[in-house]
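Below: one structure, written as structure tokens.
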Amino acid sequence: MIRYNRSFYASASEWLEAIKQDRAWLSQLQQLQTATPAELKEQHQMACKKIEESEAYDYWHFYKKQVNKVELVVEELWEAGNISLPGQRPLIIWMLTIEWLENHKNNNKDVLTGKLSSEEAKKYWSLLQKAGFVDANCQLMSETTRQQAMYIAEVFAEKLGIKSKWKPFENLWGIKNLAQEKNKFMETGKSPSRSEKIDRIFEN
């Protein structure tokens with residue numbers, strides 16, 4: 001459950017991560033993943049309108065060319081402290097919406113590069129989609145955890161002989177620090193849920 005007491009969060013990054021795990025964003029993400037092109041266009045227009053009408057617009061415009069602009073804008077809002085956390089929540093969700101839409105302008109044929117677009121890789125992507133780990137654009141489903149993403153990336157990279165195993169998947173999925181998820185896995189020794197299913201996908 002999300003909390004609105006600033007003292008609960010050590011930084012703007014923690015607050016942003018809390019939003020990304022919140023039911024409101026996960027529900028929005030699920031809608032985006034299943035929306036028609038027309039619905040996606042409507043979502044983009046709505047998100048732009050909401051941001052333009054907010055106190056965050058100047059920051060958003062300033063950082064518009066930055067890859068991690070949502071993170072940068074949230075940092076600015078956090079430092080300024082002129083918007084309450086309950087007020088920031090819907091605003092950040094609209095920013096995450098635009099970020100997601102910008103990362104999914106093209107279909108998977110355009111997004112996938114190198115070994116991730118090979119015929120062998122396409123076979124695994126198809127199986128991962130059928131198992132509910134990724135969508136038709138090879139993006140993580142909202143139900144797929146970071147630990148599962150790490151596990152998929154590692155096994156996938158080993159299967160295809162990708163030396164820099166984290167970066168291609170972090171770029172594709174728009175997430176960071178998969179190596180840290182690997183460290184957590186090593187510390188606990190506990191495999192992610194459904195890891196056996198992932199193993200079976202990459203058996204052949």
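The values are calculated or read from the model by the stated rules, or taken from the named source; none is laboratory data. Remember, predicted model here, so these are calculated numbers, not experimental data. When we count neighbours, we look across all protein chains shown, and the Cβ atoms used for this are built from the backbone with ideal geometry, even at glycine. The area values use the complete protein model at the heavy-atom level, side chains included, leaving out ligands, DNA and RNA. Shrake-Rupley method; radii C 1.70, N 1.55, O 1.52, S 1.80 Å.
Determine if the range 47-59 includes at least one residue that is under 16 Å from Gln139 (Cα atoms), outside any loop (DSSP other than H, G, I, E, B) and of a type outside the set (Val, Ile, Thr).
Within the range 47-59, the subset under 16 Å from Gln139 (Cα atoms) is none.
No, there is no match, as no residue in the range 47-59 is under 16 Å from Gln139 (Cα atoms), outside any loop (DSSP other than H, G, I, E, B) and of a type outside the set (Val, Ile, Thr).
Counting just the residues of the range 30-60 that are of a type in the set (Val, Ile, Thr) and open to solvent by 50 Å² or more (accessible area, probe 1.4 Å), which one comes out nearest to the chain's Cα centre (by Cα)?
Residues of the range 30-60 of a type in the set (Val, Ile, Thr): 34, 36, 51.
Applying the additional criterion that residues be open to solvent by 50 Å² or more (accessible area, probe 1.4 Å) yields 34, 36.
Working: Thr34: 15, Thr36: 20 Å.
Ranking the candidates gives Thr34 first.
Does at least one position in the range 61-68 carry a residue that is open to solvent by less than 70 Å² (accessible area, probe 1.4 Å) and in a helix (DSSP H, G or I)? Break it down stepwise before answering.
Within the range 61-68, the first condition is being open to solvent by less than 70 Å² (accessible area, probe 1.4 Å), and the residues that meet it are 63, 68.
Applying the additional criterion that residues be in a helix (DSSP H, G or I) yields none.
Within the range 61-68 (the criterion being open to solvent by less than 70 Å² (accessible area, probe 1.4 Å) and in a helix (DSSP H, G or I)), the answer is no, since none of the residues qualifies.
Would you point out which residue out of Lys197, Lys182 is open to solvent by less than 60 Å² (accessible area, probe 1.4 Å), touching a residue at least 24 places away in the same chain (Cβ under 8 Å) and charged (D, E, K, R)? Quick ask: steps written out before the conclusion?
Numbers: Lys197 fails: open to solvent by less than 60 Å² (accessible area, probe 1.4 Å).
One residue alone meets the criteria, Lys182.
Could you give me the residue pairs with C-beta distances under 8 Å whose first residue belongs to the range 156-177 and is in contact (Cβ under 8 Å) with a residue 60 or more places away in the chain, whose second residue is surrounded by 14 or more Cβ atoms within 10 Å (Cβ to Cβ) and among the polar types (S, T, N, Q) wherever it lies, and which are 6+ apart or on separate chains?
Qualifying pairs under 8 Å: Leu172/Gln139; Gly174/Asn103.
Can you name the number of the only condition in (1) closer than 15 Å to Glu75 by Cβ; (2) under 20 Å from the mean Cα position of the chain (by Cα); (3) open to solvent by 30 Å² or more (accessible area, probe 1.4 Å); (4) among the hydrophobic types (A, V, I, L, M, F, W, C) that Ala18 fails?
Single failed check for Ala18: (3).
Out of the residues in the range 77-96 meeting the condition of being closer than 17 Å to His61 by Cβ and of a type in the set (Val, Ile, Thr), tell me which one is least open to solvent (accessible area, probe 1.4 Å).
Looking at the filtered set, the residue picked out is Ile92.
Say whether the condition of being over 30 Å from Val134 (Cβ atoms) and in a loop (DSSP other than H, G, I, E, B) is met by at least one residue in the range 21-43. Quick ask: steps written out before the conclusion?
Within the range 21-43, the first condition is being over 30 Å from Val134 (Cβ atoms), and the residues that meet it are none.
No, that holds for no residue.
Restricting the first residue to the range 113-136 and requiring it to be without any contact (Cβ under 8 Å) to a residue 60 or more places away in the chain, which pairs with a second residue that is open to solvent by 80 Å² or more (accessible area, probe 1.4 Å) meet a Cβ separation below 8 Å and a spacing of at least six or different chains?
Ser117/Lys109; Ala121/Lys115; Gly132/Glu143; Ala136/Gln129
For the range 169-192, indicate whether the set of residues that are among the basic types (Lys, Arg) and at pLDDT 90 or above is non-empty.
Taking the range 169-192 as the starting set, the residues that turn out to be among the basic types (Lys, Arg) are 176, 182, 184, 190.
With the extra rule that they be at pLDDT 90 or above, the set shrinks to 182.
Looking for residues that are among the basic types (Lys, Arg) and at pLDDT 90 or above, one finds at least one in the range 169-192, hence yes.
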